[in-house]
Amino acid sequence: MAAHNNYGAFHGDAEDEVDSHSPRGQQSDPELPQAQELQKPRLLLMGLRRSGKSSIERVVFHKMSPNETLFVESTSKLRKESIVLSMDLEIWDFPGHLDVDDPSFDGEEVFGGSTALVFVIDAQDDYLEALQRLYTTVTRAHKVNPEISFEVLIHKVDGLSDDHKIETQRDIHQRISDELADAQLDNIHLSFYLTSIYDHSIYEAISKVIQKLIKQLATFENLMNILCSNSGVEKAFLFDIMSKVYIATDSSPVDMQSYELCSDMIDVIFDVSSIYGPDTQDATLSPSSNPNPGNGQGHAVIKLNNGMVLYLREVNRFLSLVCLLREDNFEKQGLIDYNFRCFQEAILDVFRLRKHGPGALKDKYSHSYG
Amino acid sequence: MKKKVLLMGKSGSGKTSMRSIIFANYIARDTRRLGATIDVEHSNVRFLGNLVLNLWDCGGQEVFMENYIAAQRDHIFRNVEVLIYVFDVESREYERDMHYFQSCIDAILQNSKDARIFCLIHKMDLVQEEQRDLVFQERETDIKRRSAPLGITAFGTSIWDETLYKAWSSIVYSLIPNVRHLEAHLDSFCSICEADEVVLFERTTFLVISHSTHKEHADIHRFEKVSNIIKQFKLSCSKSQAQFQCMEVRADDFAVFIDVLTPNTYVMVVMSDPTIQSAATLINIAAARSHFHRIEQGQIAR
Ligand SMILES: Nc1nc2c(ncn2[C@@H]2O[C@H](COP(=O)(O)OP(=O)(O)OP(=O)(O)O)[C@@H](O)[C@H]2O)c(=O)[nH]1
Ligand SMILES: Nc1nc2c(ncn2[C@@H]2O[C@H](COP(=O)(O)OP(=O)(O)OP(=O)(O)O)[C@@H](O)[C@H]2O)c(=O)[nH]1
Ligand SMILES: [Mg+2]
Ligand SMILES: [Mg+2]
């Protein structure tokens, strides 16, 4: 798959990466005191050396092509990244030699707030030491913040047969559960994922991890259900375009094939757009100069020979909706587009609410009347 | 029309990998499972309907190489239209690779002196990005020197990116009969559509056959990028038992259409005039179908 780092054309450029030490303008806006107090949701990437933490971060959030991760250097100190996704998110990529029991390690700061601890285990390697580390990390984090979610990535499974994958997951699950039970900590819940940067599994896993950090998830799901049932859509995903993480889907079950198709459509459309969209032809523009914020008008259609249609619509410059529907239902494209615009408006309202606090919507409407 | 294409180079350089990706719908990762090729594997690939590529994938282990150069010399090197010689850029036996390459060049000179020769400096992904140009130029110069008096065309390639499509598009382009004729028709189609450019792809490989560009574009690698992108997508469609049929992307200031043109080709039409409706472009494509079908069948004279 092509490695690409500039998707600007279709949806406008986003600030791809912001040094976490320089607060962004938005946060220091004096008129929005509430925004300052909100801690951004945070993903902590932890695990032994060479387990694949930095590779995951590069592949999912920076579009690095998986085989290029061979050149990624071992992380020597904590790297914090503010990823401006559709939702503000921080990713903390820890060095493998991190010791959570070291006195200089500030557990309160790291584990506090709305946080997911993503623990990466190299499944191609002997994992006993990793499990030991997982145990100490989990117990420490839980003590500081009982609300933290624990996500265990059994990673690099591309080297494993299907049977071996299942056996590994069972074994890891068993061992860590036993250990937690022995310490009477069996109230701690861990989620497990089989992942590899060489296929969709890593995106699927990170999507689920991030969804747990989204407080409005139920609202999104609900809006998507309404859209689907009113428009004859069989399945819909709301994707963050930069990362291909989906932040919500309707409540019908996710079948991997539809998910992969929708996710691959994002690649196709944005790769093509990054070639033919006018901005990208001017290579001197840095991604952060943001010349053309997406206006939510872009769309794309892919037809398949089995009577299915993939329909993509831009929601804003970060988000796109991808729908899978039957071609006969797509004949009523006008209706779908109308429903989409209602959906888009509702989604954008949710975001305004979150960014600017509950007052924002009131402001919006009082402006238009007064 | 059958054309003999030799695929040679040392064992492990990636010959079977690239053939499987271009012609047999492998994804790059799957090639890790390929075993070494024993002797020569023949395959006939139908391309554009009546052109048949008769591929000779020649296993590169030394015993086989010695055999090609000596005992089987005439059999292997006779009637060759194209020789594709693959070098592993990371190979540690540089001089030995060159020795075999020069032996093959000698054999070609004797048996098929009009053959076109393409040298692929392969596995470029293993070279740090900043050094790729430099490494490529060095190798190209050396290979050219060693191939004299025959001329060669060199490409830096990797199965992990679009460079493979660039090389193979050029290779097949050199084999297509009447390609200029096709180009002329594509050019008028581009004018009729008022398009920025139109590009013709072979249907199964998605290699670029021909294009007409009316508005300059800065990215010279764009066609092979599109080949790669769509080919990947076609593969993911087939995983869900479906086939890619057509697509349209539209934003404020551009629209791109990719659709079936003839039974053997897809066309891509790139528009930047926002006042032209999608429907108009789709009608133009539909109208062009039978015309291009007849060109392909040779029913429209030059
Ligand atoms: N086969 C396979 N290799 C992977 C995968 N993910 C990462 N790797 C490889 O694992 C190696 C180590 O990756 P890193 O991302 O540097 O690991 P890390 O956990 O950040 O290591 P430290 O920074 O030293 O803690 C690299 O060579 C990656 O290419 C995967 O899903 N499958
Ligand atoms: N890194 C990298 N590896 C490649 C590339 N192309 C092929 N390979 C790998 O090289 C190995 C050998 O590839 P083959 O295609 O079997 O080599 P071959 O030239 O057919 O070898 P013989 O049949 O013995 O002559 C496989 O493991 C491929 O995955 C490439 O562009 N980059
Ligand atoms: Mg690291
Ligand atoms: Mg082989």
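Please indicate, with yes or no, whether at least one residue in segment B:171-186 is small (Gly, Ala, Ser) and crowded, with 16+ Cβ neighbours inside 10 Å. No: segment B:171-186 contains no residue that is small (Gly, Ala, Ser) and crowded, with 16+ Cβ neighbours inside 10 Å. Screening segment A:316-339 for residues that are farther than 19 Å from A:Leu261 by Cα and crowded, with 20+ Cβ neighbours inside 10 Å and picking the one that is nearest to the other protein chains (Cβ to nearest Cβ) gives A:Arg317. Just one of the numbered conditions (1) surrounded by fewer than 21 Cβ atoms within 10 Å (Cβ to Cβ); (2) away from chain B (no Cβ under 14 Å); (3) β-branched (Val, Ile, Thr) is not true of A:Val254: (2). The one condition from (1) within 16 Å of ligand 4 (Cβ to nearest atom); (2) modelled with pLDDT of 95 or more; (3) touching a helix residue (DSSP H, G or I) at 6+ places or on another chain (Cβ under 9 Å); (4) of a type outside the set (Val, Ile, Thr) that B:Asp30 does not meet is (2). From A:Lys215, A:Lys143, A:Lys208, grab the single residue that is part of a loop (DSSP other than H, G, I, E, B), surrounded by fewer than 17 Cβ atoms within 10 Å (Cβ to Cβ) and at pLDDT below 95. Going through A:Lys215, A:Lys143, A:Lys208 in turn, just one is part of a loop (DSSP other than H, G, I, E, B), surrounded by fewer than 17 Cβ atoms within 10 Å (Cβ to Cβ) and at pLDDT below 95: A:Lys215.
Annotation: of all residues in segment A:280-295 being more than 9 Å from chain B (Cβ to nearest Cβ) and either surrounded by 20 or more Cβ atoms within 10 Å (Cβ to Cβ) or not in a loop (DSSP other than H, G, I, E, B) (or both), the one that is modelled with the lowest pLDDT is A:Ser289. Could you look through segment B:1-59, keep only residues that are aliphatic (A, V, I, L, M), out of contact with any Phe, Trp or Tyr (no Cβ under 9 Å at 6 or more places or on another chain) and assigned to a loop (DSSP other than H, G, I, E, B), and pick out the one that is nearest to ligand 1 (Cβ to nearest atom)? Only one residue fits best here, namely B:Ile27. When segment A:61-89 is filtered for residues that are within 21 Å of A:Ile214 (Cα to Cα) and away from ligand 3 (no atom under 14 Å from the Cβ), the ones remaining, listed by number, are A:Ser82, A:Ile83, A:Val84, A:Leu85, A:Ser86, A:Met87, A:Asp88, A:Leu89.
Residues in segment A:146-184 that are in a loop (DSSP other than H, G, I, E, B) and away from ligand 3 (no atom under 16 Å from the Cβ): A:Pro146, A:Glu147, A:Ile148, A:Leu160, A:Ser161, A:Ala183, A:Gln184. Any idea which residue in segment B:89-128 is farthest from B:Val5 (Cα to Cα), counting only those that are within 14 Å of chain A (Cβ to nearest Cβ) and part of a helix (DSSP H, G or I)? It comes out as B:Leu126. Would a scan of segment A:190-200 turn up a residue that is free of Cβ contacts under 8 Å to residues at least 24 places away in the same chain and in the same structural domain as A:Ile91 (by TED's automatic domain parsing)? No: zero hits.
Answer yes or no as to whether B:Val86 is away from ligand 1 (no atom under 16 Å from the Cβ), in a loop (DSSP other than H, G, I, E, B) and modelled with pLDDT of 95 or more. In short, no.
All told, B:Thr265 falls short of being in contact (Cβ under 8 Å) with a residue 12 or more places away in the chain, within 14 Å of chain A (Cβ to nearest Cβ) and polar (S, T, N, Q). Mind checking which residues of segment B:208-234 are more than 9 Å from chain A (Cβ to nearest Cβ) and within 19 Å of A:Cys262 (Cβ to Cβ)? Result: B:Lys231, B:Lys234.
Quick grid of which residues meet (1) within 14 Å of chain B (Cβ to nearest Cβ); (2) in contact with a strand residue (DSSP E or B) (Cβ under 9 Å, 6 or more places away or on another chain):
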| residue | (1), (2) |
| --- | --- |
| A:Asp158 | yes, no |
| A:Lys165 | no, yes |
| A:Ser201 | yes, yes |
| A:Leu223 | no, yes |
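Taking segment A:49-66 as the range and being assigned to a loop (DSSP other than H, G, I, E, B) and more than 16 Å from ligand 2 (Cβ to nearest atom) as the test, the residues that pass are A:Arg49, A:Arg50, A:Ser51, A:Gly52, A:Lys63.
The values are calculated or read from the model by the stated rules, or taken from the named source; none is laboratory data. All values reported here derive from a predicted model rather than from experimental measurement. So basically every Cβ, Gly included, is an ideal-geometry build from the backbone, and we count neighbours across all protein chains shown.
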